[in-house]
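Working notes, beginning with the structure itself.
The values are calculated or read from the model by the stated rules, or taken from the named source; none is laboratory data. All of these numbers come straight from a predicted model, not from anything done at the bench. All Cβ positions, glycine included, derive from the backbone under ideal geometry; neighbour counts span all protein chains shown. Ligands, DNA and RNA are stripped out before the accessible areas are found, and what is left, the full protein with its side chains, is counted by its heavy atoms. Shrake-Rupley method; radii C 1.70, N 1.55, O 1.52, S 1.80 Å.
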Amino acid sequence: MSGTLYGVGVGPGDPELMTLKADRLIRSADVVAFPAVTGGDSLARSSAAQALPGSGWVIVIEVPMSTERDPAPGASGY
């Protein structure tokens, strides 16, 4: 099995500012994955909601995000 992986940015959070190319790629994808705060919502998903395909897979990648300036617990240093 093979395929093509596209990484697209969905803009600053306003769905009207997403590029036409990002919209086209998301609409034509068989699988869409996006980051989300662990146990929370995803700004990327809400920005791209109108482009998400009605069929296919949508995968949530939970990422521990914080507004703290210190490293996340368990994060390795440089």
Item to complete: Have a look at 64, 42, 1 and report the one farthest towards the positive end of the charge dipole of the chain, computed about the Cα centre with Cβ charges (Lys/Arg +1, Asp/Glu -1).
Response: 1
Worksheet entry | Amide hydrogen neighbours beyond the local backbone of residue 36, cut-off 5 Å, H modeled | 61, 62, 63
Worksheet item: Roughly how compact is region 1-45, stated as its Cα Rg over 2.2 N^0.38 Å to two decimals?
Response: 1.26
Worksheet, complete the sentence: Only helices counted: for the chain, with every DSSP H run of 4 or more residues adding -39500 (n - 2.57) and the sum spread over all residues, [θ] at 222 nm is -5000 deg cm²/dmol
Worksheet item: What order, most packed first, do the peptides 59-69, 22-32, 3-13 have when packing is the mean number of other Cβ atoms within 10 Å of each residue?
Response: 22-32, 3-13, 59-69
Fill in: Residues in region 25-39 reached by a label modelled at residue 4 [backbone nitrogen below 18 Å; 7 Å Cα→Cβ]
25-33
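Considering only the other residues whose Cβ falls under 13 Å of the Cβ of residue 36, what net charge follows from Lys and Arg at +1 and Asp and Glu at -1? List each step's numbers first, then the result.
Details: positive: 45; negative: 41, 62.
Once all neighbours under 13 Å are counted, the net charge is -1.
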Discussion item. In Å², and per residue, what accessible area does the chain have when probed at 1.4 Å with the other protein chains present?
Written reply: 82
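Give the carbon-plus-sulfur fraction of the accessible surface of the chain in %, rounded to a whole number; probe 1.4 Å, heavy atoms of protein chains only.
Details: 3580 of 6380 Å².
Carbon and sulfur: 56 percent of the exposed surface of the chain.
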Practice prompt. Any chance you could list P(r) for the chain, counting all Cα-Cα pairs in 5 angstrom bins from zero, rounded to whole %?
Written response: 3, 14, 21, 22, 15, 11, 9, 5, 0
